[in-house]
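Visitor: One structure follows; several queries about it will come next.
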Amino acid sequence: MRLLALIFLLLFIAAGVVFGALNADLVSYDLGFAHVSVPKGAAALVAVVIGWVLGGLTAWLGTSVSHRRRRRRERADIKASAAPAA
């Protein structure tokens, strides 16, 4: 399984290098406070990395919130079962 993942990773890296090499034209961006000119491949890479980071952050926050909620419920259940019956 690790070999298959490594092969896919190498294929994607090779495709990214080819994509970046074929899209070497400069693209200008006006950020309001600065003007930036970067190659198209680099701009695509930055967009993919930003999307990957934001998606990972969203997924992590979603799972951490549900885990916290579940732990809170379990603690409440333990306290309720440990309370002396009247």
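The numbers here are math on the coordinates, done by the rules we state, and not lab data. All of these numbers come straight from a predicted model, not from anything done at the bench. All Cβ positions, glycine included, derive from the backbone under ideal geometry; neighbour counts span all protein chains shown.
Visitor: Hey, what did the chain get for relative contact order, percent, Cα under 8 Å, at least 6 apart?
Guide: Worked out over the chain, it gives 16 percent.
Visitor: Okay, next question. From the C-alpha coordinates alone, can you work out the Kirkwood hydrodynamic radius of the chain, in Å?
Guide: 17.7
Visitor: For the Cα atoms of the chain, what angle does the longest principal axis make with the long axis of helix 2-22, in degrees from 0 to 90, nearest 10?
Guide: 40
Visitor: Between K40 and R71, what length comes free when the chain is fully extended (0.36 nm per residue of separation minus the Cα-Cα distance, one decimal in nm)? It would help to have the intermediate numbers written out before the result.
Guide: Numbers: separation 31, 0.36 × 31 = 11.16 nm, distance 4.63 nm.
Full extension of this stretch gives 6.5 nm more.
Visitor: Let me ask something else. Starting from the Kirkwood radius over alpha-carbon pairs of region 41-86, derive D by Stokes-Einstein at 20 °C in a medium of 1.002 mPa s and give it in µm² s⁻¹.
Guide: Diffusion coefficient, whole number: 158 µm²/s.
Visitor: Another question, then. Just to be sure I understand the model, the point goes 7 Å from the Cα along the line to the Cβ. What's the resulting A14 to L54 distance in nm?
Guide: Those two pseudo-labels are separated by 3.2 nm.
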